[in-house]
Structures are given as C-alpha cells and as structure tokens.
Protein chains: 2
Amino acid sequence: MLINTPETVVADALRGMAGAHPELAVDVENRLVVRRDAPVAGKVALLSGGGSGHEPLHAGFVGPGMLAAACAGEVFTSPVPDQMVRAAAAVDGGAGVLFVVKNYTGDVLNFEMAAELAEEDGVRVEQVLVNDDVAVTDSLFTAGRRGTGATLFVEKIAGAAAEEDAPLDRVAAVARQVNASSRSFGVALAAVTTPAKGSPTFDLPPDELELGIGIHGEPGRERRPMMTSREIADVAVGAVLDDLRPDGPVLVLVNGMGATPLLELYGFGAEVHRVLSERGVAVARTLVGNYVTSLDMAGCSVTLCQADEELLRLWDAPVETPALRWGR
Amino acid sequence: MLINTPETVVADALRGMAGAHPELAVDVENRLVVRRDAPVAGKVALLSGGGSGHEPLHAGFVGPGMLAAACAGEVFTSPVPDQMVRAAAAVDGGAGVLFVVKNYTGDVLNFEMAAELAEEDGVRVEQVLVNDDVAVTDSLFTAGRRGTGATLFVEKIAGAAAEEDAPLDRVAAVARQVNASSRSFGVALAAVTTPAKGSPTFDLPPDELELGIGIHGEPGRERRPMMTSREIADVAVGAVLDDLRPDGPVLVLVNGMGATPLLELYGFGAEVHRVLSERGVAVARTLVGNYVTSLDMAGCSVTLCQADEELLRLWDAPVETPALRWGR
C-alpha cells in the first residue's frame, strides 16, 4: 500500500486534497472538505459524508452544482456527529441543509443525531437516505438496502436543484425522487485490502467472483466460477431491471470498484448497453469510471436511474468538482 | 479480469466508448477515436496513440482543446501506420497534423512510416517525441528514455495552442518545449496482469516495490523492501529534480498506475508537495488521479513540468474530453 501508517491515511489524503484543490477549503483536523465560497446566501447546501475508502465519493464531489461539504470518517467507518454539525454550520446560507446519507447503520445514527443538534443551533435540516443496492436486504453494517452508486446521482441532481435556488423541501424531494428511481448491483473480482488489516478482508480465489458485493466487501448473493463481461452484465443489469422496471430513458453509471482497468470498464459498459437494448430500455446518458469505489477491490457495479425531463435537465446542468466537471 | 476474451478487449472497450461518448466518433474496426467535428478548418490537429492498457491515455484525451484523434493498438502494442494515416486524413483541416509519439521503438517506427505516407497524401506532419522518464535509459521496448506522464502535459498544452489557431510549427515548438521541461519517475507496488497472459507479467512480492518502473512493467532501477509514501516521494521527486532542476513553478501530475486507491494517491500527493517545498520548488497546479496507467498495476508516478507563464496559460485554457474537462 502507498501509505505512511494506517492511522494517518485519512489525514494524509486530506492534506493532499488541500494541496491539489485550492478551490476547496480543507479542514484536516476536523476532516471536512467545504466549498471555499460557503456559506452561499439563499442557496440550500448539500452535505454528505461517510467512511473513507470510496473516493472520489464524497469529497471529490464538493463544489458548485453538487455538494457544499463532505465529512470524512476513518476507512469504512462513519464520520461522527460533531463533524456534521460543524459542516452544517459552515455551509448553511439561511436556506437550510440537506444531508445525503448512505444507508449504513452507523451513518444513519450519526447523521440523525447531527440533524437534531444542528436544528437546535437554528439550522433547518432535511435528510435523504440512499438505499439503491438491490443485491441483498440487511447486510453487514446495514438494515435494509445498502446505499451505493445512486449516491452520485442524488448528489449531482439535487445539487443542481440547490444551485438553481430551489427551496429546501424541493431539493429534498428531488433527492428522494432520484433515490426512488435508482437501483444498483455490484460484482467483486478480487477482495479489498484495508490499511488497518493489510491483507484481503475476505477470501476470493482468482477463478471466482462474488455477485452482489457491497462497497465494504460485505457478502453478496453468491459465489460463482469466473464469468465473462457479457455474462456479468446479463446478471447485474438483469437484477437491477427485475426491481426498477423503467418506462422511460435511464441514466447509466458503469462504476469501477477501484482496481479494475478503465479499458475493462468501457468494455463492460458496451455489454451493459447491449442488455439494455435487448430489454428495450433507452439510455439517456452514460458515465464510465471509478466513482464509488472500495479501495483496491477489483470489480464493478451498474446503477440505473430513470430520469424524467426535469431530472435529465438537472443532470446536464453545470458542475465543478474535482471528480465531476462540466459546463453547458 | 472483467473481459470477454483477450482477443476482443480493445474492440469491446471502443464499443463502450462509442456508447458512453456520443460527442466522439469511434471507428471500432479501424480502432480510431476522433473528434466528431473533425476536420476543423484552419486548426492544427493533434494525433496520438499507442498500445492500449494506459487508459484514459490516449482516447480519453480526445476533444476540443486536446487531441483531434487517437489510434488504439493491441494491449501494450503500437498501433499500425495504416491507422495513423487514416486518422491524419480524417482530422487534417488544412493546417497540418502534429503526431505525439511516446518513445517506444514500435511506436516511433510506425509513426515515422505514417508521417511519410500522410505527407505523400498531401498532409503536412510534424512529430514530437515524448521521453520524460528519468528512471532508466534504454529499456525493454525503448532506446533512450521512455515516454510516460509528460504525454498528458504535451497533449493538453499543445492542444490548447492548436485550439487558439497557432500554426503547425508553433504547436510543434510548444509540444517540444513541454517535453523538454518535463520529467517523470514511477514506482510499482504490485505487478500488472495483461489479458493475454492472465497472470502477473513480472514477479513482485507483496513486501517489495520496484523503483523506476515503466508503464508496461519494464524493469526499473532497483527492488527494495516496501517503503512508506513519504520515503517513496523522497526517492521519486528526488530523481526527477536531479534531472530537471526547475528555476520556476512547476505543474505536478501525481498519477496512479491503475490499482492504487485515490485515497492513497492524494496522501502521496501531500508527500510530493512536502518534498517540493523542502527543495524550494513552487507548485503552480496539481493534478491527482489515474491518467497514464498500466492496466491493474498498483503504484504511482510523479511528473513535473516547469511551466512559464505561456505554458501555464495554455494549461488553464478550456478542455473538453472524457478524462480532462474544464472551462474558464
């Protein structure tokens, strides 16, 4: 691993973000990454965070058109309420704050406590829970479905609504619509190694894969002998469509877990498009890359979001963050 | 590996690029990725290419402000002259074409032959050779220094000059200045596995690293027991500064080889900045991410480019490609 010590991994990364991104305000001690122009008067602020190890999620999504701030926890461990309260105070421009919370027990409890504390401080808070992973209900760390790739869609699309001065209830409603319209399914081809453990956190032989993996190496639906990209797309997209059944065009995220080459991800993207075409699902936009990762895990996930014209317009709206950036 | 067959990896990836990037024209049969608005009348066109397996380099850098076209070879194998001649004809808007060639024997020979053929067809061609890797002179596949991370700087900065309607000799001069002002050094923490071989192409135990690695797993300077991020930055930046000796601010690329988590790359970036500060070198801009990769190899490289005001202005100019994208 390219680290100094397991204990300093998160702080070291935040120092690196500070050096590479002068357009962001990085508080290494409190583990916050904040838009430098925050608070923006009159605009709703999106705040997210979670365990580290999923980069660029969330700090890489801080900037105009997406998150106002991100709180970084230890690797695969929720940040604490104090970080969230501090961040909420830093970004509230008077229009309130939307917490974007991935559905893991620690995150849910800590964001809930932070919402209560922030409201006591006079900050209006709404929360949206992201729970898009169709692979399993209830898992290590989770009651209900896990939150994975849809987090990117929620943060981008609701962030665009906030940038357009939509009020808090509207931004929260958009975020909930995006989550309700999104489903994901992930596959691991090799296990993840955390800095603290220093060896793979689960055992996955090179000639097997795990279907329905979580982003912390949580178990999925089943082990199988290695499959082709084509076969994996059939299973992953099939699992998503069994649950989503879109009646309009979808946004597609073809996401790498961290160690799978972009060459392979694009090839997998072609197979995802093939399955969607065979199933009569129209594709509006496709994003291919490592966005919601699990350190050095090899594998991929597919997230689909059924997007009406308004969600698509908000998806296309300008965004300026380290990891997602475009204008129109 | 997330593939169908080793034989179809490159074609599958190009089909995926076609699906994800309707703003690009992808010719899967001839393995070309071209700006959809090519040829652009009166503008010099940058053309590059090389073996696949280094994504997003080069196809991910095709678009306004950077490359006009990229030719994809088999994994770690040069594209053929016919591809380059075809691409040159597709992108020449009458102002000529600049070939950006990484210094590997096969690439150099094939681009040289393509330049002669294209010129016979009436296309004016200039070439720039990228040879920034200070680790070794002469290596597997190379006479002289290898071309690595500086390719990104050359393509971005010369691409901006071309976008501003600079003539061919000026665009070529800018490209050569960028290469002459850039140096790189890379480190492998785990070996690369190619689809054709299906197992690691060299043997690197988990408790060792290879200093001065190439982007095809070519041998570097030496094996050492595993080092910390801090120690690796001392060696890598030290090796670059032994050769470059900048007397002004530098652009910094902290590049991942493919399988190293972004969390770790940012931490390494902090150590790179520390060494530069200790050595009195000012940092103008920093880019952190997986840009010039080696499939699933774990590790990183550092590239520095001494940038005068004009190069910095061109670096900051708008660019709109799959992998690098910003406006001003």
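The values are calculated or read from the model by the stated rules, or taken from the named source; none is laboratory data. Since the structure is predicted, the reported quantities are computational estimates derived from the model, not experimental observations. Cβ sites come from the backbone with ideal geometry, for glycine too, and all protein chains shown count toward neighbours.
Does at least one position in segment B:95-106 carry a residue that is of a type in the set (G, A, S) and within 17 Å of B:V171 (Cβ to Cβ)? The answer is yes, given that some residue of segment B:95-106 is of a type in the set (G, A, S) and within 17 Å of B:V171 (Cβ to Cβ).
May I ask you to list the residues in segment B:274-293 that are more than 9 Å from every other protein chain (Cβ to nearest Cβ) and touching a residue at least 24 places away in the same chain (Cβ under 8 Å)?
Pass one, segment B:274-293, residues more than 9 Å from every other protein chain (Cβ to nearest Cβ): B:275-282, B:284, B:291-292.
Result: B:V275, B:L276, B:R279, B:V281, B:A282, B:A284, B:Y291, B:V292.
Scanning segment B:208-217 for residues that are assigned by TED's automatic domain parsing to the domain that holds B:A70 and on the phi > 0 side of the Ramachandran plot turns up nothing. Residues in segment A:93-105 that are on the phi < 0 side of the Ramachandran plot and surrounded by fewer than 24 Cβ atoms within 10 Å (Cβ to Cβ): 4 in all.
In this structure, A:G198 does satisfy being small (G, A, S) and surrounded by fewer than 14 Cβ atoms within 10 Å (Cβ to Cβ).
A:L152 meets all of the listed conditions (1) farther than 24 Å from A:M84 by Cβ; (2) part of a helix (DSSP H, G or I) but one, namely (1).
Just for segment B:105-137: of the residues that are of a type in the set (S, T, N, Q) and not in a helix (DSSP H, G or I), which one is nearest to B:P81 (Cα to Cα)?
Residues of segment B:105-137 that are of a type in the set (S, T, N, Q), as a first pass: B:105, B:110, B:127, B:131, B:137.
So of that shortlist, the ones also not in a helix (DSSP H, G or I) come out as B:127, B:131, B:137.
On the way: B:Q127: 14, B:N131: 21, B:T137: 26 Å.
Looking at the filtered set, the residue picked out is B:Q127.
Under the condition of being more than 20 Å from the chain's Cα centre (by Cα) and more than 7 Å from chain B (Cβ to nearest Cβ), which residue from segment A:3-18 is surrounded by the most Cβ atoms within 10 Å (Cβ to Cβ)? Per the stated criteria, the residue is A:A18.
Pull up segment B:144-183, narrow it to residues that are surrounded by 24 or more Cβ atoms within 10 Å (Cβ to Cβ) and β-branched (V, I, T), then point me to the one that is farthest from B:V44 (Cα to Cα). Out of the qualifying residues, it is B:T148. Among the residues of segment B:20-39, count how many are within 12 Å of chain A (Cβ to nearest Cβ), in contact with a Cys (Cβ under 9 Å, 6 or more places away or on another chain) and surrounded by fewer than 24 Cβ atoms within 10 Å (Cβ to Cβ). Final tally of qualifying residues: 0.
Scanning segment A:278-289 turns up at least one residue that is buried (at least 22 other Cβ atoms within 10 Å of the Cβ) and under 17 Å from B:A259 (Cα atoms).
Note on segment B:40-63: residues that are surrounded by fewer than 19 Cβ atoms within 10 Å (Cβ to Cβ) and not aliphatic (A, V, I, L, M) amount to 1. Taking segment B:64-84 as the range and being surrounded by 22 or more Cβ atoms within 10 Å (Cβ to Cβ) and more than 18 Å from the chain's Cα centre (by Cα) as the test, only B:Q83 passes.
Considering A:D121, A:D138, the condition of being surrounded by fewer than 23 Cβ atoms within 10 Å (Cβ to Cβ) and within 17 Å of A:A45 (Cα to Cα) is satisfied by A:D121 alone.
Checked against the criterion of being more than 7 Å from every other protein chain (Cβ to nearest Cβ), surrounded by fewer than 22 Cβ atoms within 10 Å (Cβ to Cβ) and either hydroxyl-bearing (S, T, Y) or touching a Lys or Arg at 6+ places or on another chain (Cβ under 9 Å) (or both), segment B:253-273 has no qualifying residue. Of the residues making up segment B:168-222, those that are among the hydroxyl-bearing types (S, T, Y) and within 25 Å of B:R245 (Cα to Cα) are B:S181, B:S182, B:S184.
Just one residue in the set A:G299, A:G267, A:G289 is under 19 Å from the mean Cα position of the chain (by Cα) and closer than 18 Å to B:L14 by Cβ; that residue is A:G289.
For A:S301, state whether it is out of contact with any His (no Cβ under 7 Å at 6 or more places or on another chain), buried (at least 24 other Cβ atoms within 10 Å of the Cβ) and either basic (K, R) or within 13 Å of A:F185 (Cβ to Cβ) (or both).
Working: out of contact with any His (no Cβ under 7 Å at 6 or more places or on another chain): yes; buried (at least 24 other Cβ atoms within 10 Å of the Cβ): yes; either basic (K, R) or within 13 Å of A:F185 (Cβ to Cβ) (or both): yes.
Answer is yes for this residue.
Quick grid of which residues meet (1) under 15 Å from B:Y291 (Cβ atoms); (2) acidic (D, E):
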{"site": "B:T148", "(1), (2)": "yes, no"}
{"site": "B:T151", "(1), (2)": "yes, no"}
{"site": "B:E155", "(1), (2)": "yes, yes"}
{"site": "B:A160", "(1), (2)": "no, no"}
{"site": "B:D165", "(1), (2)": "no, yes"}
{"site": "B:D169", "(1), (2)": "no, yes"}
{"site": "B:Q177", "(1), (2)": "no, no"}
{"site": "B:A180", "(1), (2)": "no, no"}
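Scanning segment B:232-247 turns up no residue that is closer than 30 Å to B:K43 by Cβ and free of Cβ contacts under 8 Å to residues at least 24 places away in the same chain.
A:S229: within 13 Å of chain B (Cβ to nearest Cβ), surrounded by 23 or more Cβ atoms within 10 Å (Cβ to Cβ) and in contact with a helix residue (DSSP H, G or I) (Cβ under 8 Å, 6 or more places away or on another chain), yes or no?
Details: within 13 Å of chain B (Cβ to nearest Cβ): yes; surrounded by 23 or more Cβ atoms within 10 Å (Cβ to Cβ): yes; in contact with a helix residue (DSSP H, G or I) (Cβ under 8 Å, 6 or more places away or on another chain): yes.
Answer is yes for this residue.
Of the residues B:A317, B:A323, the single one that is facing chain A (nearest Cβ under 9 Å) and modelled with pLDDT of 95 or more is B:A323.
Screening A:D121 on (1) more than 16 Å from the chain's Cα centre (by Cα); (2) closer than 27 Å to A:K197 by Cβ shows it passes everything except condition (2). Checked against (1) within 19 Å of A:T303 (Cβ to Cβ); (2) out of contact with any Ser or Thr (no Cβ under 7 Å at 6 or more places or on another chain), A:I215 passes all but a single condition, namely (2). Note on segment B:49-71: residues that are within 11 Å of another protein chain (Cβ to nearest Cβ) and under 16 Å from B:L314 (Cβ atoms) total 0.
Conditions (1) closer than 26 Å to A:G327 by Cβ; (2) outside the structural domain of A:T105 (by TED's automatic domain parsing); (3) outside any helix (DSSP H, G or I), marked per residue:
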position	(1), (2), (3)
A:R15	no, no, no
A:A18	yes, no, no
A:E29	no, no, yes
A:V40	yes, no, yes
A:L47	yes, no, yes
A:G51	no, no, yes
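B:A166: more than 26 Å from A:P261 (Cα to Cα), at pLDDT 95 or above, assigned to a loop (DSSP other than H, G, I, E, B) and aliphatic (A, V, I, L, M), yes or no?
yes
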